[in-house]
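J.: One structure coming up, written as structure tokens, with questions to follow.
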Amino acid sequence: MEVFLQQLINGISLGSIYALIALGYTMVYGIVQLINFAHGDVYMVGAYLGFFATAILGWPFLPALLLSMVVCAILGMVIEKLAYTPLRNAPRIAALITAIGVSLFLEYGMMLLVTPQVRTFPQVLPEVQYKLLGNLVITNRQIIILVVTIALMLLLQYIVHKTKIGKAMRAVSHDKQAAQLMGINVNKTISATFAIGSALAAAAGVLVGIYYNAINPLMGIMPGLKAFVAAVLGGIGIIPGAMTGGFLLGIVEAMVSGYGKSLYRDPVAFVILIIILIVKPAGLFGKNVREKV
Amino acid sequence: MMSMFERKIGRQIGILLVLAAVWGVIDFMIKGGILNPYYELNLILIGINIILAVSLNLINGFNGQFSIGHAGFMAVGAYGAAMITIKAHLPFVIALLVGALLAAICGILVGLPTLRLRGDYLAIATLGFGEIIRGLIVNIDYIGGAYGLSGIPKLANWTWIFWLTVLTVLVIWNFVNSTHGRATISIRENEIAAEAMGINTTKYKVMAFTIGSLFAGLAGGLHAHYFYTIQPNTFNFLKSFDILVMVVLGGQGSITGSIIAAIALTIISASLQKFAALRLVIYALLLIIIMLFRPQGLMGTKEFSLKMFRKKSKDKEGKQHGTAIGQ
Amino acid sequence: MALLSVNDLSISFGGLKAVSNFNMQLHKNDLAGLIGPNGAGKTTVFNMLTGVYLPTSGDIQLDGKSLVGLKPYQINHRGVARTFQNIRLFNDLTVIDNLKIAYHSHARYGLLGAICRLPGFYAGEKEIHEKSMELLKIFKLDHKYDELAKNLPYGEQRRLEIARAMATKPRILLLDEPAAGMNPQETHELMELIRWIRKEFDLTILLIEHDMSLVMGVCEIIYVLDYGQIIAIGTPDEIRNNRRVIEAYLGEEAS
């Protein structure tokens, strides 16, 4: 029971990271039907920006987080404008291949820039452990991850449901042409979606840097893929689905590590992916649609 | 007039002679120590990459599916074949066959449930399968686990790799240029229409996937027995992306395109070997630029042939003739 | 006995009845029409007949054997071929390859013959090529055999789609709006063609069409569908004077 509760705590922290990245995947897919493979790498760039702000500029946690989010939001918009906009009417596979290209570019471009060496995050938030019942431990970092994640999710819900740009995003994802006819600036809305998604990924990157202390240029690949699994699990294109999927996947992974071999952590995520794709490709929260003949 | 059959046979013998000459000259140079081992290594890599690219092209280019887990099937072939020679001490041919068949079986296992999925979902599923295969290998100590498997006898050489590359291209070429190949292509063109025209689309999707995986497994077996050591990380999705770049650059749906791209990219990567990160940045830019400016790749769905030039001049004649009649 | 008999065929999408209690008897060599206002459920009937949709209830029998639950390609093998309302050609392939694909289920060589290039392969390919050219000639497309399907003008694309369906050697041909987008001259030629192929290939034809001149001109029996239900069956003359049919069409225009 203790192992279970401890892994539950660890799983929720890990799941927060997945959920934050998954949100960007799901929002982008919802609006342009593109699996933005480069999304995991935006998270990596976010982590490096956080490292830059804290280790080199010596900034505290919150300003570093904000800087990283703002810069990645711009990065997301630039990627969308340069690589994806020209392909908006091309076959989806063409856009997918481009996304893979952008992903490789960010990974190895970063490697050229900062070398493949693993960097250690400075101790911006010295770890404090709180003992709960018995040997159960929760750290201040885990609490901060959860608090920041929940705050960002609430903010996202507010943006999507209460603001003009959020309404535009929902309209465009529902029917791009109709939205355009209603006077919505589709290009601007898509840009905004990329910006918001990328900012969330950047936040995840900074949080992970603080949580695990170590970052490297290829750190975005696995979490990126797993966040995608989380998005599919919840139903791609559905915001609450991505959140749920992220937390679920984080918890499952923590349980596998806690009870079995931690080397099975990665395959398990993909087994979940395959099962969900076969059994319910629309995800836990999704509805099945069929092509009109 | 010679029958179509006889004419074809004549052409095939011609091609065979050219291939035999290429093989013979290079074999002589290798055995005589004239060819630098570095060039030999690259020729070997070119052969293996052609097998990988052409077999992936069957799935992605001709069938219109989208697999990005090809390295996973290569891994199955590599480990399968290596286990046969290391543990069972059976001949190389049997090892290659077993490796390829294991990969093909995995292809069926992956194909049957996932081929219902649409393009991008299928892509993710194949990527997931590639990672699951790698994850399983890492966790099985009997086959070396995360450290990899070494001590595989070096049984593959230029002769094996050259002729198996030829065999792969021939089999896939003959498949594609037959009624079965047309059925495969029709699914790429319009799946609903294909099904309505009596094509068992599930069967042909699984078939393309199985044949593609079979040859990826063959390439894996050759790789293992040339480099005598294999690691799970050799077959990660960067390897899958490598193969994908070849197929996309050459043209999805062009076998000769894949061959040209495999040769070109193998040479480019060899010359950039010391700058691993730079190589991948170049690959990445290549992918993006192709998609933005020439999404059909070098060859599109056309095949390279000497006739291409002849046909063009004929077309011109035909057109002039046409206008003459029109007047 | 009827060649194709459809009994009480119904289908619902999420509780909405798209077609209910559809009955039809097609005899050998019939040339029947299925008409009705937009959204009446005509294409849905075709989709059920060809296995694209699984009916909620009812039965479809060809020669006394049920087609319900078979996949589209299996139904095609039983002898039912179709065209599509929104043309679905193999766009990036040549005209002749479009037909050769449809000949696939009649090819006389196997996988091994193809890969090893056994003599049977060459004979089989020759036969497929010749038969395809013959069909193209009938549909006056033989001079364009080497062009890409997408480059044909609209009317020719519709003709190619019918030719492709014929290449599967059907007993029953279902045409979904074959004259859509054609000018009167082309429509007239299409009528002649439809009559001719029925006679030549001993075919049974069911067609959906909005062009009344075509329907009234070629069909011997007409089924009228409105809101998923048959409201009239009869000869062109009977249908022309049927009150309910006139109301259905006028009602549509009035709304």
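J.: Total accessible area buried between chains C and B, 1.4 Å probe, in Å² to the nearest 100?
T.: Summing both chains' loss of accessible area gives about 2900 Å².
J.: Further, regarding this structure: Of B:LYS8/B:LYS302; B:LYS8/C:LYS100; B:LYS31/B:LYS154; A:LYS162/A:LYS280; A:LYS176/C:LYS17; A:LYS176/B:LYS302, which sit over 24 Å apart, Cα to Cα? Could you put the intermediate results ahead of the total?
T.: Values: B:LYS8/B:LYS302 20 Å; B:LYS8/C:LYS100 20 Å; B:LYS31/B:LYS154 16 Å; A:LYS162/A:LYS280 31 Å; A:LYS176/C:LYS17 29 Å; A:LYS176/B:LYS302 35 Å.
Result: A:LYS162/A:LYS280; A:LYS176/C:LYS17; A:LYS176/B:LYS302 exceed 24 Å.
J.: Measure off 7 Å from each Cα along the Cα-to-Cβ vector at B:ALA20 and B:LEU41, then give the distance between these two points in nanometres to one decimal.
T.: Going by the 7 Å Cα→Cβ label model, 3.3 nm.
J.: In what sequence, highest mean first, do C:28-39, B:92-103, B:123-134 appear when ranked by Cβ atoms within 10 angstrom?
T.: The peptides rank, most packed first, as B:123-134, B:92-103, C:28-39.
J.: Hey, another quick one. Which residues of segment C:119-152 show a drop of at least 40 Å² in accessible area when all protein chains are present, compared with their chain alone (probe radius 1.4 Å, heavy atoms only, ligands and nucleic acids excluded)?
T.: C:TYR122
J.: For C:TYR109, which sequence-distant residues (separation of 5 or more, or a different chain) have an amide H within less than 5 Å of its own amide H, given hydrogens modelled in the peptide plane?
T.: So C:TYR109 has HN proximity to no qualifying residue.
J.: Return the distance in nm (one decimal) between the two label points of a simple spin-label model at A:LEU113 and C:GLN74, each offset 7 Å from Cα along Cα→Cβ.
T.: 5.7 nm
J.: Taking beta carbons within 10 Å but only from partner chains, what does the mean come to for residues B:276-285?
T.: If you average over the peptide's residues, the count of other-chain Cβ atoms is 6.
J.: Another question about this same structure. Using only the Cα atoms of chain A, each taken as one equal point scatterer with no solvent, compute I(q) by the Debye sum, divide by I(0), and report log10 of the ratio at q = 0.07, 0.17 Å⁻¹.
T.: Each listed q corresponds, in turn, to -0.25, -1.48.
J.: Sticking with this structure for a sec: Rounded to the nearest 10 degrees, what's the angle between the helix B:92-114 long axis and the longest principal axis of chain B, both from Cα atoms, 0 to 90?
T.: Here the helix axis deviates by roughly 70 degrees.
J.: What are the radius of gyration and Dmax of the protein assembly as shown, computed over its Cα atoms and given in Å?
T.: Answer for the protein assembly as shown, Rg first and Dmax second: 30.5, 99 Å.
J.: Going by a ≥ b ≥ c, the root eigenvalues of the Cα gyration tensor, does segment C:192-255 fall in the rounded group (a/c under 1.5), the prolate group (a/b larger than b/c) or the oblate group?
T.: Here segment C:192-255 falls in the prolate category.
J.: Once phi is turned into ³J(HN,Hα) by the Karplus curve 6.51 cos²θ - 1.76 cosθ + 1.60 with θ = phi - 60°, what whole-Hz value does each residue of segment B:269-276 show in order, with x for glycine and proline?
T.: 5, 5, 6, 9, 3, 6, 10, 4
J.: Next question. Could you tell me which of rounded, prolate or oblate describes segment C:139-224, using a ≥ b ≥ c as the square roots of the eigenvalues of the alpha-carbon gyration tensor, with rounded for a/c under 1.5 and, failing that, prolate when a/b is larger than b/c and oblate otherwise?
T.: oblate
J.: So, one more: Taking just the alpha-carbon atoms of segment B:39-326, what radius of gyration and Dmax come out, in angstrom?
T.: 19.8, 76
J.: Still on this structure, please answer the following. Tell me what chain B gives for mean residue ellipticity at 222 nm when only DSSP H runs of n ≥ 4 count, each as -39,500 (n - 2.57), the sum divided by the residue total, rounded to 500 deg cm²/dmol.
T.: It comes out at -25500 deg cm²/dmol, rounded to the nearest 500.
J.: Shifting gears a bit: Sequence-distant or interchain residues sharing an amide H contact under 5 Å with A:LEU284, placed H: which?
T.: A:GLY234, A:GLY235
J.: A further question on this structure: Does anyone have the angle between helix C:154-167 and the longest principal axis of chain C? Alpha-carbon axes, 0 to 90°, nearest 10?
T.: 70 degrees
J.: Provide the descending list of Cα extents for chain C along its principal axes, expressed in whole angstroms.
T.: 62, 40, 34
J.: Would you mind counting up the charge near A:ASP266? Only other residues with Cβ under 14 Å from its Cβ, with Lys and Arg at +1 and Asp and Glu at -1.
T.: Local net charge: +2.
J.: Let me check against my output: what whole-number percent is the relative contact order of segment B:39-326, with C-alpha pairs under 8 Å and at least 6 apart?
T.: 32 percent
J.: Convert each backbone phi in segment C:208-221 into a coupling constant with the Karplus relation 6.51 cos²θ - 1.76 cosθ + 1.60 (shift: θ = phi - 60°), then list the ³J(HN,Hα) values in order as whole Hz, x for Gly and Pro.
T.: Once rounded to whole Hz, the list reads 9, 7, 9, 6, 5, 5, 5, 4, 5, x, 10, 6, 9, 9.
J.: So how much accessible area does B:CYS106 have, in Å² to the nearest 10, using a 1.4 Å probe?
T.: Taking all protein chains as shown, B:CYS106 has close to 40 Å².
J.: In nm, to one decimal, how far is the modelled label at C:GLU220 from the one at A:LEU263, with both set 7 Å along Cα→Cβ?
T.: Computed distance between label sites C:GLU220 and A:LEU263 equals 7.5 nm.
J.: Looking only at A:GLU80, A:GLU127, A:GLU253, which one moves most when chain A is put into a Gaussian network model with springs between Cα atoms under 10 Å?
T.: A:GLU127
J.: Quick one: with all protein chains in place, what share of the accessible area of chain C is carbon or sulfur, to the nearest percent (1.4 Å probe)?
T.: 51 percent
J.: Just checking the output field for C:110-117: average partner chain Cβ neighbours within 10 Å of each residue's Cβ?
T.: Across C:110-117, the average partner-chain Cβ count within 10 Å equals 5.
J.: If you don't mind, there's one more thing I want to ask. What does the charge add up to near B:THR126, with Lys and Arg as +1, Asp and Glu as -1, over the other residues with Cβ less than 14 Å from its Cβ?
T.: Summing Lys/Arg as +1 and Asp/Glu as -1 gives +3.
J.: Would you work out the relative contact order for chain A, in percent, from Cα pairs under 8 angstrom that are 6 or more residues apart?
T.: Contact order relative to length: 37 percent.
J.: Now for a separate question. Please compute, for peptide C:78-89, the average count of beta-carbon atoms on other protein chains lying within 10 Å of each residue's beta-carbon. Please report the intermediate quantities before stating the final value.
T.: Working: counts 1, 0, 2, 3, 3, 2, 5, 1, 2, 2, 9, 3.
What the average comes to for C:78-89 is 3.
J.: On the protein heavy atoms, probe 1.4 angstrom, tell me the percent of accessible surface of segment B:39-326 carried by carbon and sulfur.
T.: C and S fraction of accessible area: 68 percent.
J.: Under the 0.36 nm per residue contour assumption, what length would be gained going from the current alpha-carbon distance of C:ASN38 and C:ASN86 to full extension?
T.: Length difference between fully extended and current span is 15.8 nm.
J.: Please list 3J(HN,Hα) in residue order for segment A:47-53, calculated via the Karplus relation 6.51 cos²θ - 1.76 cosθ + 1.60 where θ = phi - 60°; whole Hz, with x for glycine and proline.
T.: Coupling constants for segment A:47-53: 4, 5, 5, x, 4, 4, 5 Hz.
J.: Next question. At 20 °C and 1.002 mPa s, what whole-number value in µm²/s does Stokes-Einstein give for the translational diffusion of segment A:100-247, with Rh from the Kirkwood sum over Cα pairs? Walk me through the intermediate numbers first.
T.: Numbers: Rh = 17.9 Å.
Answer, rounded: 120 µm²/s.
J.: Still on this structure, I have one more. I want to verify a result. In a Gaussian network model of chain B, Cα cutoff 10 Å, which of these has the top mean-square fluctuation: B:THR85, B:THR256, B:THR179?
T.: Judging by the Gaussian network model, the answer is B:THR179.
J.: Taking the Cα centroid of segment B:104-132 and of segment C:161-210, what is the distance between the two, rounded to the nearest whole Å?
T.: 40 Å
J.: Still on this structure, please answer the following. On C-alpha positions alone, give me the angle between the axis of helix B:201-227 and the longest principal axis of chain B, in degrees, nearest 10.
T.: 50 degrees
J.: Could you work out which residue, out of A:MET111, A:MET222, A:MET182, moves most in a Gaussian network model of chain A, that is, has the largest mean-square fluctuation with Cα springs under 10 Å?
T.: Per the Cα network of chain A with a 10 Å cutoff, A:MET182 tops the list.
J.: Give me log10 I(q)/I(0) at q = 0.12, 0.17, 0.19 Å⁻¹ for segment B:1-132, Debye formula, one equal scatterer per alpha-carbon, no solvent.
T.: -0.73, -1.05, -1.10
The values are calculated or read from the model by the stated rules, or taken from the named source; none is laboratory data. For clarity, every value in this text was computed on a predicted model and none was experimentally measured. Every residue, glycine among them, receives a Cβ derived from its backbone with ideal geometry; neighbour counts consider all protein chains shown. What goes into the accessible areas is simple: the full protein's heavy atoms, side chains included, and nothing from ligands, DNA or RNA. Shrake-Rupley method; radii C 1.70, N 1.55, O 1.52, S 1.80 Å.
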